[in-house]
Amino acid sequence: MIKLIILWVALLLFACTSQPGSNKEKHFGKLFIIGGGERTTAVLNRMADEAGLRQGGNVLILPMASSERDSAIYYAEKQFREIGINAVSSMIFDSASVLTPGMLDSIANARLIYITGGDQSRFMKAVRDNAGAEAIRTSYMNGNMIAGTSAGAAVMSELMITGNEMKNKNYNETFRRIIADNIELKPGLGLVTSAIIDQHFIWRSRHNRLITAILEHPELIGVGIDEATAILVSSGWAEVVGNAQVVVYRNKRKSAKLSPSGYLGGSLTVDIYLPGERFGL
């Protein structure tokens, strides 16, 4: 009987440690990562429901990625109010700002933090050198939801795609080549540590840049979220929400090959997930 009990406990411990949700993110809050484009009523309602906003709490809009911050706030507030969420506020600060204890408390205790679109590097510059980024992470660790669209999706990664090419200074969002030392990655918020997030993915044909990132960082997976589509991340799982697809690249051999002329090669697997499907992070 004692041997059976020991065996049962061992199997239970193995099951707990082998599930995607067993990583360090499982006790945290939720992420709602939107690939940009249209934010449908269905997507917004799912975000609000998963954040628990129907039971109380507030939305805090952070528009610092946008070059037109007032407009970003206006349209985000409008969409939340259209689905019946009226407890909506906003906050604007930059890298030179000194965040007061009241401001930090507002960030850390918001039921839903919503990061607008724009330029992900602009957002990270605004929050990196003050306590803003840490307050966002604290909110997540407190069990709240962090959401973002477009640039607000890119900042979720620990390694963040900026969109810049190191070997082609003329901006081309699709990347023409899969070559080494070309993609610019900078630190993001680090709310997703196992993947690099890309956005507007299928609509803007951004495959080459995400493939490049995963070949050069084989320990990570690449998650490309299309427009009007999101992933809901909770307990180590990502569920596809919205209209279109999410493309996931995995580096099969955890390595890459390099030609003398700098072209990258390797062996990747590709999964295309539809709304309602889930995958492990």
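Across segment 135-281, the relative contact order, built from alpha-carbon pairs under 8 Å that are at least six residues apart, equals 19 percent.
Could you do me a favour and compute the accessible area per residue for the chain, 1.4 Å probe, result in Å²? Each residue of the chain exposes 46 Å² on average to a 1.4 Å probe.
Starting from the eigenvalues of the Cα gyration tensor, five times each then square-rooted, give me the equivalent ellipsoid semi-axes of segment 136-270, largest first, whole Å. Please report the intermediate quantities before stating the final value.
On the way: eigenvalues 127, 48, 43 Å².
They are 25, 15, 15 Å, listed from largest to smallest.
Shape class for segment 38-97: prolate, because the ratio a/c of the largest to smallest gyration tensor axis (alpha-carbon atoms, square roots of eigenvalues) is 1.5 or more and a/b beats b/c.
From the alpha carbon centroid of segment 74-97 to that of segment 166-205 is 28 Å.
Computed packing ranks the peptides 95-104, 139-148 as 139-148, 95-104, most packed first, by mean other Cβ atoms within 10 Å. In angstrom, the C-alpha Rg and Dmax of segment 152-201 are 11.1, 30. In segment 110-149, one over the average inverse separation of all distinct C-alpha pairs is 10.6 Å, which is the Kirkwood hydrodynamic radius.
Just the number, please: percent antiparallel of the DSSP beta bridges in the chain, rounded to the nearest 5. Let's see the in-between values first.
Values: 31 of 52 bridges.
About 60 percent, rounded to the nearest 5.
The number of Lys pairs in the chain with C-alpha atoms less than 20 Å apart, excluding pairs fewer than 8 positions apart on the same chain, is 4.
Taking N as the number of residues in segment 242-281, what is its alpha-carbon radius of gyration divided by 2.2 N^0.38 Å?
Details: Rg = 14.1 Å, N = 40, 2.2 N^0.38 = 8.9 Å.
In units of the 2.2 N^0.38 Å rule of thumb, it is 1.58.
Would you mind getting the Kirkwood hydrodynamic radius of segment 137-177 from its Cα pairs, rounded to one decimal in Å? Intermediate results must be reported in sequence, preceding the final value.
Values: mean 1/r = 0.0802 Å⁻¹.
One over the average 1/r among Cα pairs gives 12.5 Å for segment 137-177.
Applied to segment 199-210, the Karplus parametrisation 6.51 cos²θ - 1.76 cosθ + 1.60 on θ = phi - 60° returns per-residue 3J(HN,Hα) values of 10, 6, 5, 6, 4, 9, 6, 9, 4, 4, 6, 6 Hz, with x for Gly and Pro.
Shape class of segment 37-151 from the Cα gyration tensor (axes a ≥ b ≥ c, square roots of the eigenvalues): oblate, since a/c reaches 1.5 or more and a/b does not exceed b/c.
Kirkwood hydrodynamic radius of the chain from all distinct Cα pairs, in Å? Don't jump to the answer; show the numbers that get you there.
Details: mean 1/r = 0.0512 Å⁻¹.
Hydrodynamic radius (Kirkwood, Cα only) of the chain equals 19.5 Å.
Inter-part distance, segment 254-281 to segment 213-245, computed on C-alpha centroids, equals 13 Å. Per-residue 3J(HN,Hα) values for segment 227-232, derived from phi via the Karplus relation 6.51 cos²θ - 1.76 cosθ + 1.60 with θ = phi - 60°, read 5, 6, 9, 9, 10, 9 Hz in sequence order (x marks Gly and Pro).
Quote the relative contact order of the chain in percent (integer), defining contacts as alpha-carbon pairs under 8 Å separated by 6+ residues.
Values: 636 pairs, mean separation 57.8, N = 281.
Relative contact order of the chain: 21 percent.
The values are calculated or read from the model by the stated rules, or taken from the named source; none is laboratory data. Fair warning: this is a prediction, and the values are worked out from it, not measured in the lab. Counting neighbours? That spans all protein chains shown, and the Cβs are built from the backbone with ideal geometry, glycine included. When the accessible area is computed, the model is the full protein with side chains, heavy atoms only, and any ligands, DNA or RNA have been set aside. Shrake-Rupley method; radii C 1.70, N 1.55, O 1.52, S 1.80 Å.
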